[in-house]
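Note sheet for the following structure.
The values are calculated or read from the model by the stated rules, or taken from the named source; none is laboratory data. The shown structure was predicted, so the numbers you read here are calculated from the model rather than taken from an experiment. Using ideal geometry, Cβ is built from the backbone for each residue, glycine included, and neighbour counts are taken over all protein chains shown. Just the protein is used for accessible areas: all its heavy atoms, side chains included, with ligands, DNA and RNA removed. Shrake-Rupley method; radii C 1.70, N 1.55, O 1.52, S 1.80 Å.
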Amino acid sequence: MKWYPYGHDFGNADMGGVTVINGSVFARSVPTAFTKIDTNALHNLGISVEDINTHVIRFNGEAMAYAIGELALQQSTDIYHGRGDIQRYASKYSLRGLLTIAALLIPEVEFGLYVVTGLPAETYIKNIELRKAIKESLDGVHVFTLDNGKTWRRITVEVATVVMEGAGALIAYGDKGVGKLTESAAIDIGGRTTDLYVARGQVPVTEYCRGKPVGVEAATQMFMDTFEARFHRSVSLLEAREVMYAYASSGKRHYPSLTVYGKTIEEYDLSQLVGEAVLQVGSEIVSFVASAWRQSDRDAVAASFNPVLCIGGGVYYFYDYLKKRIPHLTRPDDPIHANALGYSNLAGRLLMRKAQAQTVTQNQAFGIKA
């Protein structure tokens, strides 16, 4: 059985995975949304579970399947996203997300995953037991189907380690040419949280590792509330996400067509409402960073951090606000998968060490000297 290094990033807005196949890096992410689904009903609606954008997983022995990602958002208002539930990192939902994305990336029917995943900084520091629970919930041999039983996949998962969110990005982008005494930093803005991570070399500096429950979803909810107040019409979460994506794309994506009493809302109005929400939440994030890293001091702490990375989906909304406060702030080419890429890199290193150790043990067993 072939083993692959795998970075698992179970965010509460989006979940992603990164692996390496034949020397090339592959990444994928989908919205963090789960709902029980009737596959026969899907078929009757003309929806095929084999469709490339339709993700449905069912474990062997389970009668009920789960829709994941966009399909879950389309099919149900009663979705699980895990917001506010810190135990979600050690849940079967996390396992479903990991297996689904891994199976979409890796075509083989049977393989092994050597996994590195992460936790928000404050949760990592304060909740050691959760790290153990994550390993217990994800480890094992898992048999499941993504195509309603036509093909059964068999994936063996072994969690190598759990690190702080932000560490992954610094592993991937921040440790090249940086001395062991230099402090590197990452600002990870996700759907629900903003996490600050600082490390000297690869050792966390816990004084500056903080978290705050504010992110893109706060701006999304603010947009939904102001839209309803202004137009007397509610917006679904799926519609709101499409509006937010359009705003963040800087003109590359079209706004969805939202109508009120038969009249389509102008894109300008949608952009203005989102812009107001992003400005307010962005100001809150900047204040949080300034407080945590003493940016108000004459000798601001962040000025000594090198590099300072801005990562996560929130980059597309709040980067410019933070850049004004931290001029040397940078963003990687793929901020959404930055953590998962670093997790995968670390998983690859640990997998190589494990293989080398096994080789030494086998040689010793047969009396072969190195």
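Provide Rg and Dmax in Å for the chain, with only Cα atoms included in the calculation.
Spelled out, the Cα radius of gyration and Dmax of the chain are 21.8, 82 Å.
Could you work out the relative contact order of the range 124-265, using alpha carbon pairs under 8 angstrom and six or more residues apart, expressed as a whole percent?
Reported relative contact order: 12 percent.
Which whole-number percent is the relative contact order of the chain (Cα, under 8 Å, 6+ apart)?
19
Sorted by average packing, counted as other Cβ atoms within 10 angstrom per residue and highest first, what order do 19-27, 164-172 take?
164-172, 19-27
Compare Gly262, Gly215, Gly191 in a GNM of the chain, Cα atoms joined below 10 Å, and give the one with the largest fluctuation.
It is Gly262.
Rounded to the nearest percent, how much of the accessible area of the range 1-132 (1.4 Å probe, protein heavy atoms only) is carbon and sulfur?
Whole-percent figure for carbon plus sulfur exposure: 48.
Between Met222, Met64, Met244, find the one with the highest GNM mean-square fluctuation for the chain; connect C-alpha pairs within less than 10 Å.
Met64
So for the chain: antiparallel DSSP bridges make up what percent, rounded to the nearest 5?
65
Where does the charge balance sit around Leu104 when Lys and Arg score +1, Asp and Glu -1, over other residues with C-beta under 11 Å from its C-beta?
Taking every other residue near Leu104 into account, the sum is +2.
Averaged per residue, what accessible surface does the chain expose to a 1.4 Å probe, in Å²?
47
Net charge near Glu267, counting Lys/Arg +1 and Asp/Glu -1 over other residues with Cβ under 13 Å of its Cβ?
Spelling it out: positives minus negatives among the neighbours equals -2.
Using a Gaussian network model of the chain whose springs link C-alpha atoms within less than 10 Å, name the residue from Val30, Val141, Val159 with the highest mean-square fluctuation.
In the Gaussian network model the winner is Val141.
Kirkwood hydrodynamic radius (Cα pairs, Å) of the range 104-261?
19.3
For Gly211, list long-range residues whose amide hydrogen, built 1.01 Å from N in the peptide plane, is under 5 Å from its own amide hydrogen.
Glu122, Leu196
Please compute the length gained on full extension between Glu62 and Ala41, using 0.36 nm multiplied by the number of residues separating them and subtracting their Cα-Cα distance.
In short, 5.8 nm is gained.
Does the range 101-143 classify as rounded, prolate or oblate by the C-alpha gyration tensor (a ≥ b ≥ c root eigenvalues; a/c under 1.5 gives rounded; else a/b over b/c gives prolate, otherwise oblate)?
In terms of gyration-tensor shape, prolate.
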